[in-house]
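S.K.: Questions regarding the structure given below will be posed in turn.
Read the figures in this text as sums done on the coordinates, not as results from a lab. Treat the numbers as computed from the prediction; the structure is a model and nothing was measured. Positions of Cβ are generated from backbone atoms using ideal geometry, with glycine treated the same way; all protein chains shown enter the neighbour counts.
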Amino acid sequence: MSNIPGDLQYTRSHEWVRGLPDGLVEVGITDHAQAALGDLVFVEVPQVDTQVRAGEGCAVVESVKAASDVYSPVSGRVVASNGELAARPELLNHDPYGAGWLMRLQRDPSPPGDALLSATEYAQFLNAAE
Amino acid sequence: MPYIPHTASDVARMLEVIGVRSIDDLFDEIPSALKTTALSGVPPALTEMEVARLLTERAARDGRPLNFIGAGAYEHHIPAPVWSIATRGEFYSAYTPYQAEASQGTLQLIYEYQSMMCALTGMDVSNASLYDGASALAEACLMAVRANRATHARRILLPRAVNPTYRQVARAITGNQHIEFDVVDFDRRQGRVALTALEAHGARDATALVVQQPNFFGNLEEVDPLTDWAHANGMLVIAVVNPVALALLKPPGEWGGLIDDKRGADIVCGEGQPLGVPLASGGPYFGFMATRMQHVRQMPGRIVGRTADLEGRPGFTLTLQAREQHIRRSKATSNICTNQGLMVTAATIYLSLLGAEGLRRVATASAQRTAALVHALTSIPGVTAAFDAPRFHEAVLLLDRPVAPVAAALAERGILAGFDLCASYPELGNALLICATETKLDADIAAYASALAVVMQSSRGASGADQGEADG
């Protein structure tokens, strides 16, 4: 059973979103996603100031067997990305909700259509998929 | 026995399941105007003996002309061992094997090839080859757009002095990917890119600058200031190089000055044919590509790595494949599914036989022969050199009359005079691109010069009429 922290929001494509105190959001991929990918060998994060849109590819995670897109859960502007991952992609395997974060975004003003899942909903989604 | 596993009844059952009457019905969506029916122009089959005879006769019609045409494909001496080794059963395949790691010899050969290309280009990594030089440039342009993350531009500065076929192929391959090519003119006196011309293009955001060295006219570009200018403007540098010339010239990995601890071209590509592959009506040739470690994940094609097995023994393996099409499907970095393995085998053997010193001698002799040829031909009245930039083994001559009839008259004398530039570069007038490699001896150059002198002399009276024809 994978780890699904209750204080985060999730997507069906296995990204998580954390609201930060300064109004920014932090984005990463879930424990389930990192386990499914296996040992990561390379992570490509977006450059600061890139404009990303919900549902569009914003990062690439590459394991020994596959390279997969990470889709941005929300729309916004990248204000920081995790440069540490370039040298230590394994951080994403070891600590997907902490040191393995991918990027921090300044969200675009109130997009009402955001269909993010709660931890419970994501857990149900994973169960249904299995 | 036909090698088709499905019987007629298998096929009938499958068609029934999907609700289609015949296999042809599966192709209904193709308009009938696009479908071929019986091939009326195809003659009946010939036996092997008949085919051999026909081809021998046809080949004999070409004669054995003295060839002074380069323009992207070059006649070099190929030592006999190259193809006698390359066509051994162990190597004789155009493909890298599907079960790649079971073929350690093939992988080792590719690894040696990559190592040699890195040494020649001064880059960190080479792929296992591409189709040809032209498609290699197209792939390099696509790669530059992926790799240059500092800009969202998809605009590439492409000098007009780059091989016109390469430019055409690059446009064709990238045509539906919204890449804009901005053509940079060449300096009329020097026959190469002038920095001042670039400045006019630099104001707008661009992804990369292509630098061909030597350029299509055989002239040497000022690669250092071009590289520095591109980097200072946030562009990547795509070098298109002749691998033989690299034996004498500064490797692209060292172009330009140190900027932020980095120097040199970012992507290097080109045509590998001069390395042991014979001229053959346009192919098969092979393309090469090399880059810096920083961009390795954006490089298309296969890469062989050296590793150690569980018992610590050295071995070879395909590496960095996660972005190739068999894994990433539509999002793959390219759809290069194989490479020109056999041509690469020949090139690897060629380079191993010659060594660094041998390749340097080939390059030096080629440059010297071309210098001698230019000297001999420009001594003829009505023949001048078009440009005064330093050159490698090609040069552009200007004639005082249209090129085509002169070239035709020389062809009748068994001499292929060069590549007529009038279709690709009408602005140059009566321009002829000539090339002499190490294969052209003093006697060959003298034969060309005396034949050209005779042709120029005898066609003098007719030149006015020819001029009129060309103008029309």
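S.K.: Which order do B:Leu55, A:Leu24 fall in if you start with the one that has the fewest other Cβ atoms within 10 Å?
M.R.: Going from least to most buried by this count: B:Leu55, A:Leu24.
S.K.: Largest first and in whole Å, give the semi-axes of the range B:308-406's equivalent ellipsoid, each being the square root of 5 times a Cα gyration tensor eigenvalue.
M.R.: Gyration-tensor ellipsoid for the range B:308-406: 47, 22, 11 Å.
S.K.: In the range B:1-110, what chymotrypsin sites (Phe, Trp or Tyr not before Pro) fall in a loop by DSSP, with at most 13 other Cβ atoms inside 10 Å?
M.R.: Of the chymotrypsin sites (Phe, Trp or Tyr not before Pro), the ones in loops of the range B:1-110 whose Cβ has at most 13 other Cβ atoms within 10 Å are B:Tyr3, B:Tyr92, B:Tyr95, B:Tyr98.
S.K.: Now a separate question. For a quick size check, give me the Cα extents of chain B along its three principal axes, largest first, whole Å.
M.R.: 77, 65, 47 Å, listed from the longest principal axis down.
S.K.: Treating only the Cβ of Lys, Arg, Asp and Glu as charged (+1, +1, -1, -1), what charge dipole size does the protein assembly as shown show about its Cα centre? Round to the nearest 20 debye.
M.R.: 860 debye
S.K.: Okay, moving on. Using modelled backbone amide H atoms (1.01 Å from N, in-plane), which distant-in-sequence or interchain residues come within less than 5 Å of B:Asn163's amide H?
M.R.: B:Phe216
S.K.: Taking neighbour counts of Cβ atoms within 10 Å as a proxy for exposure, in what order, fewest first, do A:Trp101, B:Trp255 appear?
M.R.: Final ranking by Cβ density, sparse to dense: A:Trp101, B:Trp255.
S.K.: Now a separate question. Would the protein assembly as shown count as rounded, prolate or oblate if I go by the C-alpha gyration tensor, calling it rounded below 1.5 in a/c and otherwise prolate when a/b exceeds b/c, oblate otherwise?
M.R.: prolate
S.K.: Can you give me the Cα centroid spacing of the range A:65-97 and the range B:142-184 in angstrom?
M.R.: If we compute the Cα centre of each part, the gap is 30 Å.
S.K.: Also, quick follow-up: Summing -39500 (n - 2.57) over the DSSP H runs of n ≥ 4 in chain B and dividing by its residue number, what mean residue ellipticity at 222 nm do you reach, to the nearest 500 deg cm²/dmol?
M.R.: The helix-only estimate for chain B comes to -11500 deg cm²/dmol at 222 nm.
S.K.: Still on this model: Give me B:Arg64, B:Arg391, B:Arg360 sorted ascending by neighbouring Cβ count inside 10 Å, so fewest comes first.
M.R.: In order of increasing Cβ crowding within 10 Å: B:Arg64, B:Arg360, B:Arg391.
S.K.: Please report how far the C-alpha centroid of the range B:399-444 lies from that of the range B:1-75, rounded to the nearest whole angstrom.
M.R.: Taking the Cα centre of the range B:1-75 as reference, the centre of the range B:399-444 is 36 Å away.
S.K.: What is the sum of charges, Lys and Arg at +1 and Asp and Glu at -1, for the other residues whose Cβ falls under 10 Å from the Cβ of A:Leu105?
M.R.: My count for the surroundings of A:Leu105 gives +1.
S.K.: May I ask you to list the GluC sites (Glu not before Pro) in the range A:39-96 that are in a DSSP loop and have at most 15 other Cβ atoms within 10 Å of their Cβ?
M.R.: Within the range A:39-96, the qualifying GluC sites (Glu not before Pro) (loop, at most 15 other Cβ atoms within 10 Å) are A:Glu56.
S.K.: If you don't mind, there's one more thing I want to ask. Taking the alpha carbon gyration tensor of the range B:331-384, what are the square roots of 5 times its eigenvalues, largest first, to the nearest whole Å?
M.R.: 38, 20, 8
S.K.: Can you compute 3J(HN,Hα) from phi for each residue in the range B:414-431, using the Karplus curve 6.51 cos²θ - 1.76 cosθ + 1.60 with θ = phi - 60°, rounded to whole Hz and x for Gly and Pro?
M.R.: Rounded to whole hertz, the list is x, 10, 8, 6, x, 9, 6, 8, 5, 6, 7, 9, x, 5, 7, x, 7, 10.
S.K.: For chain B, which DSSP H helices look membrane-span-like by this rule: Cα extent along the axis of 27 Å or more and mean Kyte-Doolittle of at least -0.5?
M.R.: Result, helices passing both filters: B:341-378.
S.K.: Counting only other residues whose beta carbon sits under 15 Å from that of A:Asp22, what net charge do I get with K and R as +1, D and E as -1?
M.R.: Net charge in that neighbourhood comes out at +3.
S.K.: Now for a separate question. Sorted from largest to smallest, which semi-axis lengths in Å does the alpha carbon gyration tensor of chain A give for its equivalent ellipsoid, taking the root of 5 times each eigenvalue?
M.R.: In descending order, the three semi-axes are 20, 19, 13 Å.
S.K.: Helix-only estimate, please: 222 nm mean residue ellipticity of chain A, summing -39500 (n - 2.57) across DSSP H runs of length 4 or more and dividing by its residues, to the nearest 500.
M.R.: When only DSSP H runs of four or more count, the value is -5000 deg cm²/dmol.
S.K.: Continuing with this model, one more query. Kindly state, as a whole number, the per residue volume in cubic angstrom of the convex hull around the alpha carbon atoms of the range B:80-348.
M.R.: In the range B:80-348, the Cα hull volume divided by residue count equals 140 Å³.
S.K.: Check the straight Cα-Cα distances from B:Lys35 and name the lysines below 24 Å, setting aside those fewer than 8 residues away within the same chain.
M.R.: Partners found: none.
S.K.: Not counting the cut sites, what is the longest span of chain B without GluC sites (Glu not before Pro) that DSSP labels loop and that have at most 13 other Cβ atoms within 10 Å?
M.R.: B:91-310
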